[in-house]
Amino acid sequence: MDANSPMAEIGDPAYLQYLSFLSESGISPSELGEYLHGEDGDDEVDSDYGTMPPHDGANSASVTTSSQESVYADDSAVESDDVVVVEGERESNERRNDNNSEGGEPTSSKDNKEKEESVDDKEELDRGEIDGLICPICFEAWSSGGDHNVCCLPCGHIYGLACIKKWLQGRGSGKCPQCKKRCSIKSIRLLYASRIVSIDEELQKKVRSLEAKCSSLKEKSDILSEKRVEWQKKEADLCTEVHYLKERTHHLEGLLASAQNRASGSSVARWGCQGETALGDNVEPEFHLQGSSNSFTLQEDLQVDGARLFDIDSSSQILLIARRLSGMGTRNVLTKMSLIPSHEKEDIHLPVTLKAVKDLRVSPYTKLVLLASLGKKLSVVSTESNNTVLNYDLPAAAWSCSWDLSNSYYTYAGLQNGMLVQFDMRQTMRPVESMTGLTGNPIHTVHSLSADSSVGSGIKRVLTASSAGLCYWDFGRSEERPYLIPESENQGVCISLAYGSSNDDIVASFRPKIEMSGDLAISQPTFSASDSLSVEGVRGSHVVYKRLGGGYKRLGASCANVSGIRLPKSAIVDGVSRNPLFVSGDEVTSELVLQDLPSLTVVQHLQPQKYPIRDVKYARILNSGLLSCLTEDSLQLFSTKLV
């Protein structure tokens, strides 16, 4: 059968070329009908469909729902299993030729090429949108129900139900329009899906792999961002530390140059800040302790976070440390730490109403701790039950406290408004006695003095320190005012007070006042070229007093590098050498300095690991002397053998 005959075989090359032309042109079913039957459209398109022959390589290719195409045959086409007869082709061609010959300009090859390219582009754009939605027989959208419900044949190809039924019921067909495999109407299977899309598994794997890589890169980016913030913070801290060390080096160089300019053989420790001798009459200094058998050596360095103050319970061999922990709300904790190696810890949580603890004293008689706090409370805590035994309400915030040395029931609290209050633990309702100070300055230190027969029985004497100077108070007398210790008001601003109960030794530390116009003085350090050493350290003095009978005698003084901002702590050590030792911090050299009393000769330097020094305490533990130094989050224990 040749190509010009009314019926052409599917395998005919001319027919294959004709179908390829229709496929590449993207002609719709309606356009195909017009093309097959002419422009008049008199002939109706038969509901039977022509077959799109498969072609592999040069002759055929696998057919899918997204790319397959079929053509309509007119009502005069004759179908068989292998043949489709198409009439009217020649008539259509002749009609097109007539149109060109009647005056219409023939279409050039260039125009045809541009038209084909635009059609190809449109088909490429629309294919992704309609893929999985249309029937490959009628090119109409199938439905999820009804006559045109989506269905499939055993071979896997998908069609609209009405279309494939009509195809299989056609004359002698009984084959899949795409793969030509035998099938019947009974083998049709309905599919209940509105859209069918083929998934590229390899592409999905690549997508998942890229998503995992993106997630991993994001995590690495977040980690690097956090590290960058940490590095910037460390860099800022290091810059601050370098700046501080440069300033400190500058001041130390100035101090060294000043010392070298002094007369040969002069001793800073033996001369007062006003040029007066520091020693009293008939007083000889002790020999230097550095390197001797009874010098202090570092025993342990313990980490203590948030520590502010501490005291030593010699009988129980424990440390009581007041800590202020930050985080989810600031918490006040009293920590018990054993002095026995392993140093077990136990926390006692304090009430929130206490606020910050300003002073802490261990009872010399019982296992009780006295706490003075800014929450206007004086509290007594048991170290056995870990509970608060008593809470006294105060008229103002408490800055200091002390146990009475002659009666285990009496306690004292120094207040922010300059008052001193005495309590008896057997009377829990109100204080035994309250006395108003000479000034309204806070009392930052309180010491109960040992009994003195010269002041009469029943009289309890208390020594206090405020920025105005040193005062002693007699509880039990008719007088209700304290007494200022002579000359203490002229030394400057009192910032620290140490008391040795064994020999009634007293050492007060002072920093200079700032002289203002109108003969006013405020309790801040001077920063002149002659006196100022650094922002923290200023040139101040330590002054030694001795209680003699009912009065106090000033024995001498020495220059010292004291804090220009804080209220430092100091202590007196008894029993280590022939004379007591005074212990304080040097704000310039960051050392713990031990000085002989009453000469104030420096006998030893101890170097804490950190600075500033927050608190200093001394206690006798068995046959050893224990000097404890609390710095920033560190508690260092220095010990020496007692002779």
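Where a number appears in this text, it was derived from the coordinates with a stated rule and is not lab data. Only a predicted model underlies this, so the values are computations on that prediction, with no experimental measurement involved. Cβ: placed from backbone, ideal geometry, glycine included. Neighbour counts: every protein chain shown.
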Highest mean first, how do 428-441, 157-170, 369-382 rank when packing is the count of other Cβ atoms within 10 Å averaged over residues? 369-382, 157-170, 428-441
Determine the distance separating the Cα centre of region 329-390 from the Cα centre of region 560-587; give it in Å without decimals. 25
Sort 592-600, 297-305, 459-467, 148-156 for me by packing, meaning the mean count of neighbouring Cβ atoms within 10 Å per residue, highest on top. 592-600, 459-467, 148-156, 297-305
Using the structure shown, select from Lys553/Lys617; Lys617/Lys641; Lys546/Lys641; Lys166/Lys186; Lys358/Lys553; Lys336/Lys367 the pairs with a Cα to Cα distance greater than 19 angstrom. Lys553/Lys617; Lys546/Lys641; Lys358/Lys553
Cα-based reach from Lys246 at 26 Å (exclusive), listing lysines while leaving out same-chain residues under 8 positions away: Lys233, Lys234, Lys610
Could you calculate, for region 136-219, the ratio of the Cα radius of gyration to the Kirkwood radius, expressed as Rg to Rh? 1.25
In straight Cα distance, which lysines are under 25 Å from Lys213, not counting same-chain residues fewer than 8 positions off? Lys205, Lys227
Need the list of lysines near Lys355 for cross-linking: C-alpha distance under 17 angstrom, and skip anything on the same chain fewer than eight residues off. Lys376, Lys377
